[in-house]
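Enquirer: Here you go, one structure.
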There are 2 protein chains.
Amino acid sequence: MNDSSSTHHRLGDLQLRILKVLWSVPEASVADVHGRLQSTQPLAYTTVATLLRRMEARGLVAHREQGRSFVYRATVEASEVGASLGHRMVEQVFEGSLTDAVSHLLRTRDVRREELDALEKLIREAKRRTR
Amino acid sequence: MNDSSSTHHRLGDLQLRILKVLWSVPEASVADVHGRLQSTQPLAYTTVATLLRRMEARGLVAHREQGRSFVYRATVEASEVGASLGHRMVEQVFEGSLTDAVSHLLRTRDVRREELDALEKLIREAKRRTR
DNA sequence: ACACATTTATGACAGTTGTAGTACTACAAC
DNA sequence: GTTGTAGTACTACAACTGTCATAAATGTGT
């Protein structure tokens, strides 16, 4: 497959939250990211700037210069990062059993009816593909 | 619900692997844990001992003394830790959509037919419960 | 008693993460 | 041109993680 799991081997919470912002828009300046995060948690501007620079060094984001400011974009996809976390959860915690993992998700998350319908459809499709 | 997410806020890889061992048996001495891990990765005995002691300080494991050696057991359940990882994955990466998260799991994991059947059953049960 | 093995306790160190203060740079307005 | 202002770069630091080496304690065998 790829070495995605090695690149974002261990992502901290703030880094994940920053990525989350960057996944929701095509690009964002430091001020933009800071503003978005600020709404949930007070953070110094420089904290965000520092994290973004460190994350760029690790290849998680990239920037272009617009005037005197940097405009960042994510260079990893949510699905890649999700794969890491999902793999970790399924393999390490649930001994490789996807069923157990999903079962747990269902039990601990209070899912709405439409979600269940969507999931059912999803699985039927997967079955069709596997047949 | 509870504050489980605060206790094992950020678990490192080795800690997770140690817990995995401790989840697979009722209890295990340091040597046992070390032996199990040794098979996949060369590790100094003291590394494991140190980690276990640190983990006990954080309430992740506990020990009793048997003669001169410590016998550890996990004090958190796999499902608790799975909840953290699952929550993190679903909320932060997949914007709260369990469907997207599971969909991703299905696509990236090459699931066997029986797993799909089990999942389908799981969802039907969840539906019945919600009705 | 003495050497050897087993096991826990401490101390150390490098790398990462969150956090932010300080410093430097460049433009904007007067 | 001096003064804000906004932005990046650098430095620092505490907490945590993985990693051990070394020390200290407590057996075991002969």
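Enquirer: Could you pull out every one of the helices (runs of 4 or more DSSP H) wholly within the stretch B:26-97 that has 2 or more residues that are outside the structural domain of B:Gly12 (by TED's automatic domain parsing) and either more than 19 Å from B:Leu16 (Cβ to Cβ) or in contact with a helix residue (DSSP H, G or I) (Cβ under 8 Å, 6 or more places away or on another chain) (or both)?
Expert: Working: elements: B:30-38, B:45-57, B:78-87.
Counting at least 2 such residues, we get B:78-87.
Enquirer: Among the listed residues A:Ala78, A:Ala28, A:Ala44, which satisfies the condition of being under 29 Å from B:Ala126 (Cβ atoms) and either within 12 Å of DNA strand C (Cβ to nearest atom) or of a type in the set (Gly, Ala, Ser) (or both)?
Expert: It is A:Ala78.
Enquirer: Still on this structure, please answer the following. When you check B:Glu65 against the structure, is it open to solvent by 20 Å² or more (accessible area, probe 1.4 Å), charged (D, E, K, R), over 26 Å from A:Gly82 (Cα atoms) and in contact (Cβ under 8 Å) with a residue 12 or more places away in the chain, yes or no? Outline the logic, then answer.
Expert: Values: open to solvent by 20 Å² or more (accessible area, probe 1.4 Å): yes; charged (D, E, K, R): yes; over 26 Å from A:Gly82 (Cα atoms): yes; in contact (Cβ under 8 Å) with a residue 12 or more places away in the chain: no.
So B:Glu65 fails the test.
Enquirer: Give the number of residues within the stretch A:108-123 that are farther than 22 Å from B:Val76 by Cβ, at the interface with another protein chain (Cβ under 7 Å from one of its Cβ atoms) and open to solvent by 10 Å² or more (accessible area, probe 1.4 Å).
Expert: Result for the stretch A:108-123: 6.
Enquirer: Also, quick follow-up: In the stretch A:68-107, which residue that is more than 8 Å from every other protein chain (Cβ to nearest Cβ) and open to solvent by less than 20 Å² (accessible area, probe 1.4 Å) is nearest to B:Thr99 (Cα to Cα)?
Expert: Looking at residues that are more than 8 Å from every other protein chain (Cβ to nearest Cβ) and open to solvent by less than 20 Å² (accessible area, probe 1.4 Å), I get A:Val76.
Enquirer: Name the residue that is modelled with the highest pLDDT, counting only residues in the stretch B:1-25 that are assigned to a loop (DSSP other than H, G, I, E, B) and within 14 Å of chain A (Cβ to nearest Cβ). Outline the logic, then answer.
Expert: So in the stretch B:1-25, the residues assigned to a loop (DSSP other than H, G, I, E, B) come out as B:1-3, B:8-12, B:25.
Right, trim to within 14 Å of chain A (Cβ to nearest Cβ) and you get B:1-2, B:8-12, B:25.
Details: B:Met1: 42, B:Asn2: 42, B:His8: 63, B:His9: 68, B:Arg10: 82, B:Leu11: 91, B:Gly12: 93, B:Val25: 96.
Of everything passing the filter in the stretch B:1-25, B:Val25 is modelled with the highest pLDDT.
Enquirer: Open to solvent by 40 Å² or more (accessible area, probe 1.4 Å), within 13 Å of DNA strand D (Cβ to nearest atom) and not acidic (Asp, Glu): which single residue out of A:Ala49, A:Ala44 fits that description?
Expert: On the way: A:Ala49 fails: open to solvent by 40 Å² or more (accessible area, probe 1.4 Å).
None of the others qualify; the one that does is A:Ala44.
The values are calculated or read from the model by the stated rules, or taken from the named source; none is laboratory data. What you are looking at is a predicted structure, and each value in this text was computed from that prediction instead of being measured. We place every Cβ from the backbone using ideal geometry, glycine too, and count neighbours over all the protein chains shown. Ligands, DNA and RNA are stripped out before the accessible areas are found, and what is left, the full protein with its side chains, is counted by its heavy atoms. Shrake-Rupley method; radii C 1.70, N 1.55, O 1.52, S 1.80 Å.
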